[in-house]
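Have a look at the structure below, then the notes.
The values are calculated or read from the model by the stated rules, or taken from the named source; none is laboratory data. Everything numeric here is computed off the predicted structure, so don't read it as measured data. As a convention, Cβ positions derive from the backbone with ideal geometry for all residues, glycine included, and neighbour counts pool all protein chains shown.
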Amino acid sequence: MKKISRREVLRSSAMACAAAVAAGPVSWNVFRPTLAFGETKPAMQFPTAPRERLAVATWPFRAEIETPTNEYRDRMKPGMDLRDWVVQIPEKFGVNGVEPLSAHFPSTDARYLQDFRKAIENAHMFVVNIPVDNEFSFYDAEAANRKKAIENSKKWVDIAVAIGSPSVRTSMGDPKSSKPNVDVAAASLMQVADYAAKKNIQVNLENDNLVSEDAFFIVKVIEKANHPFLHALPDFCNSMQTDNSTFNYNAVKAMFAHAYNICHVKDSEVGDGGKVYRVSMKLTFGIVKAANYRGYFSMEWEGPENPYEGTKRLIAESLQYFA
């Protein structure tokens, strides 16, 4: 089976740019993640109310977000700057969390990041995580390429600090000339985690590409690194691209054993030829509860529906399974 990864198709842009169910007003102080600076292990304070743990990822709305190199931009639809699109989330979806993809930032200069943070704070919003795409791999046989992956991740750790995100998800990268290597990947990622720890930023790895980001490979890397600031970001459905539901649920279970502050909620994923893979939200939330997970849930809808309707449905279902 051909491996699928949106991280691969976003590589060029990643490096080039450094329903809704009714909701009452809520306090900004409840939403904002807090970190105890100077700690040697994660010390985030998570909200306990279900709705306050939910966020919306920008990836499903890539057709509308204007960036210089966004190849997914649909010119038949109105376009918006990331900052302007994000502040609509509370009104459209009834939640205050956002997960902005690195490739959706039109600029990473200090002024834009400052304005972005001000805009979301004025909208009583908060960032739960930044998914960061790497062109290079942490286990590439070439040390120079590993260094590029490390430096790119460090750059986005600094950006996380600037916009108030508690974490980054850094992609593993998939070098065509190197096979996945637990020891090499762990050694590289420990450098990123060491850097992030000094700034109290969590580093997460997601099960995505079925080779370079296979869930069980990621778990081995995390266990090998054994770093308090390196965690798993479980995606509900990415591992279903094997077309094996048993594998997917075992993968999600393994990932949640190492999750800390962020996961991706979806009930479907589009693979080769437009094939749609689906998972049971009920079974997956059962895994979440068994793992005693206390972090955030980012809606990363993927499927044949309109992304607005799909995201609203994911939010409604998530709230149902929290009950």
Close pairs from segment 276-300: first more than 26 Å from ASN96 (Cβ to Cβ) and of a type in the set (A, V, I, L, M), partner surrounded by fewer than 17 Cβ atoms within 10 Å (Cβ to Cβ) and modelled with pLDDT of 95 or more, Cβ under 9 Å, at least 6 apart: VAL279/SER245; LEU283/SER245
Enumerated helices (runs of 4 or more DSSP H) restricted to segment 1-87, each holding at least 3 residues that are at pLDDT below 80 and more than 28 Å from GLY303 (Cβ to Cβ): 28-31
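Please go through segment 122-145 and pick out each residue that is outside any loop (DSSP other than H, G, I, E, B) and either closer than 30 Å to ALA187 by Cα or over 20 Å from the mean Cα position of the chain (by Cα) (or both).
From segment 122-145, those outside any loop (DSSP other than H, G, I, E, B) are 122, 126-127, 130-132, 143-145; that's our starting set.
The answer is ASN122, VAL127, ILE130, PRO131, VAL132, ALA143, ALA144, ASN145.
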Restricting segment 230-255 to residues that are in contact with a strand residue (DSSP E or B) (Cβ under 6 Å, 6 or more places away or on another chain) and not in a helix (DSSP H, G or I), the residue that is surrounded by the fewest Cβ atoms within 10 Å (Cβ to Cβ): HIS231
Any pair with Cβ under 7 angstrom, 6 or more apart, that starts in segment 311-323 at a residue that is of a type in the set (S, T, N, Q) and ends at one that is modelled with pLDDT of 95 or more: THR311/VAL56; THR311/PRO60; THR311/PHE93; THR311/MET299; THR311/TRP301; SER318/LEU54; SER318/VAL265; SER318/PHE297
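So, in segment 58-81, exactly how many residues are aliphatic (A, V, I, L, M) and buried (at least 22 other Cβ atoms within 10 Å of the Cβ)? Even if it seems obvious, please write down each step before you answer.
Within segment 58-81, the first condition is being aliphatic (A, V, I, L, M), and the residues that meet it are 63, 65, 76, 80.
So of that shortlist, the ones also buried (at least 22 other Cβ atoms within 10 Å of the Cβ) come out as 65.
Final tally of qualifying residues: 1.
Give VAL221, VAL184 a once-over and let me know the one that is over 22 Å from SER298 (Cα atoms), aliphatic (A, V, I, L, M) and surrounded by 24 or more Cβ atoms within 10 Å (Cβ to Cβ). Please lay out each step first, then the result.
Numbers: VAL184 fails: surrounded by 24 or more Cβ atoms within 10 Å (Cβ to Cβ).
Only one candidate qualifies: VAL221.
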Residues that are under 17 Å from the mean Cα position of the chain (by Cα) and part of a loop (DSSP other than H, G, I, E, B), drawn from segment 168-212: SER171, MET172, GLY173, ILE201, ASN207, ASP208, ASN209, LEU210, SER212
Residues being of a type in the set (Lys, Arg) and either over 30 Å from ASP183 (Cβ atoms) or surrounded by fewer than 17 Cβ atoms within 10 Å (Cβ to Cβ) (or both) - total across segment 105-148: 4
Residue check, VAL168 in contact with a helix residue (DSSP H, G or I) (Cβ under 6 Å, 6 or more places away or on another chain) and either under 26 Å from ASN306 (Cα atoms) or at pLDDT below 95 (or both): no
Residues (touching a helix residue (DSSP H, G or I) at 6+ places or on another chain (Cβ under 8 Å), within 19 Å of PHE126 (Cβ to Cβ) and either of a type in the set (D, E, K, R) or assigned to a strand (DSSP E or B) (or both)) located in segment 265-302: VAL265, TYR296, PHE297, MET299, GLU300
Segment 278-323 - residue that is within 27 Å of GLN202 (Cα to Cα) and of a type in the set (Asp, Glu) and, of those, modelled with the highest pLDDT: GLU300
Hits in segment 287-323 - residues which are crowded, with 21+ Cβ neighbours inside 10 Å and acidic (Asp, Glu): GLU300, GLU302
